[in-house]
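J.: What follows is a single structure, and I will ask about it in a moment.
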Amino acid sequence: MARGVNKVILIGNLGKDPEIQNFDKGVKKAAFSLATSETYRTREGQEIEQTEWHNIVARRNQAQFVEK
């Protein structure tokens, strides 16, 4: 069975400040929500904005980056 790596880049707005948890040996976890929006027009010309919320969890080095 082949394994692959999936990568996603999300650009959006934070819902609130990240929640940082500290564990043994300096390990950290950061959790936050991120809103991404898309705007499009219907065939009738009506502009629609659609927002999706993503729950993000980062650990170790990424969590330290998020905390800064």
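J.: Of the heavy-atom accessible surface of the chain (probe 1.4 angstrom), what whole percent is carbon and sulfur?
T.: So the carbon and sulfur contribution to the accessible surface is 46 percent.
J.: Based on DSSP H runs of at least 4 residues, each adding -39500 (n - 2.57), what is the mean residue ellipticity at 222 nm of the chain after dividing by all its residues, to the nearest 500 deg cm²/dmol? Walk me through the intermediate numbers first.
T.: Numbers: 1 runs with 8 residues, N = 68.
Computed ellipticity for the chain at 222 nm equals -3000 deg cm²/dmol.
J.: Output wanted: per-residue J couplings in Hz (rounded whole) for the range 32-40, from phi through Karplus 6.51 cos²θ - 1.76 cosθ + 1.60, θ = phi - 60°, x for Gly and Pro.
T.: 7, 10, 10, 9, 10, 10, 10, 10, 8
J.: Turning to a different aspect of this structure: Loop-only GluC sites (Glu not before Pro) in the range 1-57, please: DSSP not H, G, I, E or B, and at most 14 other Cβ atoms within 10 Å.
T.: Those satisfying the criteria are GLU44.
J.: Another question about this same structure. How high is the relative contact order of the chain, in percent, with contacts defined as C-alpha pairs under 8 Å that are six or more residues apart?
T.: Once normalised by length, the contact order is 30 percent.
J.: Next question. If I ignore ligands, DNA and RNA and count only protein heavy atoms, how much of ILE20 is accessible to a 1.4 Å probe, in Å² to the nearest 10?
T.: Surface accessible to solvent at ILE20 totals approximately 60 Å².
The values are calculated or read from the model by the stated rules, or taken from the named source; none is laboratory data. Every value quoted in this text rests on a predicted model; they were computed, and no experiment measured them. When we count neighbours, we look across all protein chains shown, and the Cβ atoms used for this are built from the backbone with ideal geometry, even at glycine. Just the protein is used for accessible areas: all its heavy atoms, side chains included, with ligands, DNA and RNA removed. Shrake-Rupley method; radii C 1.70, N 1.55, O 1.52, S 1.80 Å.
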